[in-house]
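Every number in this text was worked out from the coordinates using simple rules, so none of it is lab data. Since we're looking at a predicted model, the values are computed, not measured. Please note: Cβ atoms are built from the backbone with ideal geometry, for glycine as well, and neighbour counts cover all protein chains shown.
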Amino acid sequence: MSFLGKIFTWWDGATLGTLLWSWRNGEHVGTDAQGNSYYRSKPKKGQRERRWVIYKGSNDASRVPSEWHGWLHGAFDDIPESNLPPAHIWEADYSPNATGTATAYRPQGALERGGKRAHAVGDYEAWSPDA
């Protein structure tokens with residue numbers, strides 16, 4: 001990204017100001033598998049600890065793994081990387097939130113798929129105010 005892009009755009013990674021503020025006031029505590037960096041405020045007397053993430057790439061909250069989400073919101077104090085259990089074979093890899101894109105899920109009957117759905121069958125009975 002260009003220098004001007006780093007100054008003015010916030011939706012594709014951190015701005016230059018955010019990077020400088022994080023460098024000066026924060027302590028880097030870890031990085032997840034997607035390259036997102038996690039920070040906490042340096043200890044100051046009388047102030048509570050603040051925690052934040054700097055995304056690698058687009059700013060999308062769905063890119064924060066659950067273990068880091070819990071840490072960001074203060075559910076636990078330990079850094080997730082030091083307490084992670086081994087991955088299970090059934091765990092799926094991260095897939096980005098596709099809402100609003102061409103690859104989003106479109107069920108049968110959605111307008112993007114022609115707007116036609118299967119007729120209702122079985123015990124469905126439409127409500128009528130006369131009944």
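Listing for the model above:
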{"quantity": "Whole-angstrom gap from the stretch 89-115 to the stretch 19-67, using each part's C-alpha centre", "calculated": "29 Å"}
{"quantity": "Under 5 Å, built H, 5+ apart or other chain: amide partners of Lys56", "calculated": "Asn36, Ser37"}
{"quantity": "Using θ = phi - 60° and Karplus 6.51 cos²θ - 1.76 cosθ + 1.60, couplings along the stretch 95-104 (whole Hz; Gly, Pro as x)", "calculated": "10, x, 5, 9, 4, x, 10, 5, 8, 5"}
{"quantity": "Label point 7 Å beyond Cα of Thr15 along Cβ direction - residues of the stretch 39-83 with amide nitrogen under 16 Å", "calculated": "54-55, 59"}
{"quantity": "For Gly30, residues with placed amide H under 5 Å, excluding near neighbours", "calculated": "Tyr38"}
{"quantity": "Virtual paramagnetic centre 7 Å along Cα→Cβ of Ala110, amide N under 19 Å, in the stretch 53-71", "calculated": "62"}
